[in-house]
Structure formats: structure tokens, C-alpha cells
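Below is one structure, written out as C-alpha cells; comments come after it.
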Amino acid sequence: MSDQQYSPAGFRILPPVVKNLLIINGLFYLATITFQDAFGIDLDNLLGLHYFKSDLFRPYQFVTYMFLHANFGHILMNMFALWMFGYLLENYWGPKRFLTYYMITGIGAAIVQTAINWWDISAIQAAATTYAAQPSLDGFIAFVRHYYPTYYEAEGTVRSFINDWTVNKAAQSYASQSINFVDQLIKLQMDVPTIGASGAVYGILLAFGMVFPNMLVYIYFLFPIKAKWIVIIYGALELFSGISNKPSDNVAHFAHLGGMIFGFLLILYWKKKSRYS
């Protein structure tokens, strides 16, 4: 894409799009804390990306989710990576192309995450329908242990319900209550928002590896490794973590991969377009 290379008046360590993205993310983070503490308004519920069948879902969340972060460590890591890999790309591509890439990879990450959620939740809903036809204590325990192990292992409402049903196996009311519990668990899963700029940041990482494949990056400021190997390693780790699907892991690994996939496709499109333009 050498014919598309941007030539600014001077190299900038903090180019305009990267700078403004850092500011916007910082303002959203402060707003999240302020609105929650001062007004009791949860911006994660309003602006985080929800499953499309959730009552909390709004189409604009495909964009707004990427400006929210769970905690200071979350935003610090994402913003550092955005600057570290993004400022060189913006200097190379120019602000317009860089911003286009950032937004498309962020939205692409949301699309992939939504597709994965649909796949997972559809399977759970099918299992819930099967369970509802023949509810039982053993069946309820098996369902919760398989799909919601965290709720099964932790002391709480679900665990208390199982204990009560175990003591009162003859009571018929527990069967119908268990069906309601299953529906509530699925609804809770639908209502969990996805937040963070990680999808777009992983797209930036992918682009950095493609545009500057042999540039050395110092991991933890000590160990040099070529950019292309960082992309491969991080991509493989995200794929492995996503497939592993550990219940205690609340990271949207497939959203990260989605940002990389959309970034790869967009760069290929730009390369093809430049050859024929």
C-alpha cells in the first residue's frame, strides 16, 4: 500500500485521531464513575453491547460499547496499546484512513461477539426447552452445572433453591419454579454487556503486524520480537482462550479475534482497490 502512504508535515508522536480517541475514552471512563456514584446511572447498561434479544439492547451499542471500560487497569492497557501501535499507523495512513479502520474493526468485533453469543445462547435455549418438557431435580442440577457452573458452585439463590428442593423432593412446586430459574439464568446472560476498545485495539495490532512486519517490539520493554510474530502469538492465544470457554473467564476473546478478522479483510480490500485504481 505504498501508494496510499500518508505524508504529514512532520512525524507526530501523538497524532490527532489517536489523541482524540485517548481523550474520548478517558472522558467516558470518568463519566461512567461519575454517573454511577452521583446519579445511580449505569452507563455500561445503557451503552455497553447487549445481546440483540435482550431488553437492554439498542443498535447504537455496536459503536458506544468500545468507549467503555470496566476498571482503570482495563482502560490503561487498551489505551497504551492504542497509542503504542496506533500512532505509527496514523502517521503512515493518515487520520481519515486510520479512524475508518479503527471504527470498522471495533464494529466488526461487536458483530462477531454477537454471532458467538447467538451460537451459545441458542444452544442453551434448546437445552432449556428440552428440560422444560421434563423438569426434575437431577435435570436442573445437570443443566446448571453444565451451562452456569459459577452459579452452581457459589453460595446464592440458585444453590439455596437446589438445597431446598433436595430436602423437599416430593413437593411439585419446585419443578415449575426450576423452569423459571432456567429462564432467569438465560435472561441474566443476555443482559451482560460487552464493553471495551479491545476489539479495535486488536485490529490495530493486526494492522501494525501487516504494515510493519519486521519492526521490533520490546515485550515488557525487555524482550525484542518482530511485530508479525506478536500478531500470530496473540491471535493464537485468543483463539485458544475463546475455544476453551472457561466459566471464570469474562474476556470477550472472539471480539478480539473479530477485530483482527475485519482488519485483515479491510486491509486486503484497500490493497486490491489500490492496484486497480
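The values are calculated or read from the model by the stated rules, or taken from the named source; none is laboratory data. Owing to the predicted nature of the structure, the values given are computational and were not obtained by experimental measurement. Positions of Cβ are backbone-derived with ideal geometry, glycine not excepted, and every protein chain shown enters the neighbour counts.
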- Message: Exactly one condition in (1) under 30 Å from Ser198 (Cβ atoms); (2) surrounded by 16 or more Cβ atoms within 10 Å (Cβ to Cβ); (3) in contact (Cβ under 8 Å) with a residue 12 or more places away in the chain; (4) among the hydroxyl-bearing types (Ser, Thr, Tyr) is false for Tyr152; which is it?
- Response: (3)
- Considering the range 112-147, residues that are β-branched (Val, Ile, Thr) and over 17 Å from Gln189 (Cβ atoms), and then whichever is surrounded by the fewest Cβ atoms within 10 Å (Cβ to Cβ), we arrive at Thr130
- Ala171 passes all but one of the listed conditions (1) out of contact with any Leu (no Cβ under 9 Å at 6 or more places or on another chain); (2) surrounded by fewer than 18 Cβ atoms within 10 Å (Cβ to Cβ); (3) of a type in the set (A, V, I, L, M, F, W, C); (4) at pLDDT 95 or above; the exception is number (4)
- Using beta carbons and a limit of 7 Å, which pairs, at least six apart or on different chains, have the first residue in the range 121-147 and within 18 Å of Tyr51 (Cβ to Cβ) and the second one outside any helix (DSSP H, G or I)? Ile121/Tyr51
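Does Met79 qualify as being among the hydrophobic types (A, V, I, L, M, F, W, C), assigned to a helix (DSSP H, G or I), surrounded by fewer than 17 Cβ atoms within 10 Å (Cβ to Cβ) and touching a residue at least 60 places away in the same chain (Cβ under 8 Å)?
Details: among the hydrophobic types (A, V, I, L, M, F, W, C): yes; assigned to a helix (DSSP H, G or I): yes; surrounded by fewer than 17 Cβ atoms within 10 Å (Cβ to Cβ): no; touching a residue at least 60 places away in the same chain (Cβ under 8 Å): yes.
Here the answer is no, as Met79 does not meet what is asked.
Residue by residue, here is whether (1) part of a helix (DSSP H, G or I); (2) among the polar types (S, T, N, Q); (3) under 21 Å from Ala252 (Cα atoms); (4) modelled with pLDDT of 95 or more holds:
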{"position": "Ile104", "(1), (2), (3), (4)": "yes, no, yes, yes"}
{"position": "Asp120", "(1), (2), (3), (4)": "yes, no, yes, no"}
{"position": "Thr130", "(1), (2), (3), (4)": "yes, yes, no, yes"}
{"position": "Thr150", "(1), (2), (3), (4)": "yes, yes, yes, no"}
- Message: Cβ contacts < 8 Å: first residue in contact (Cβ under 8 Å) with a residue 60 or more places away in the chain, restricted to the range 181-194; second residue of a type in the set (Asp, Glu) and part of a helix (DSSP H, G or I), any location; separation 6+ or different chain. Result?
- Response: Pro193/Asp44
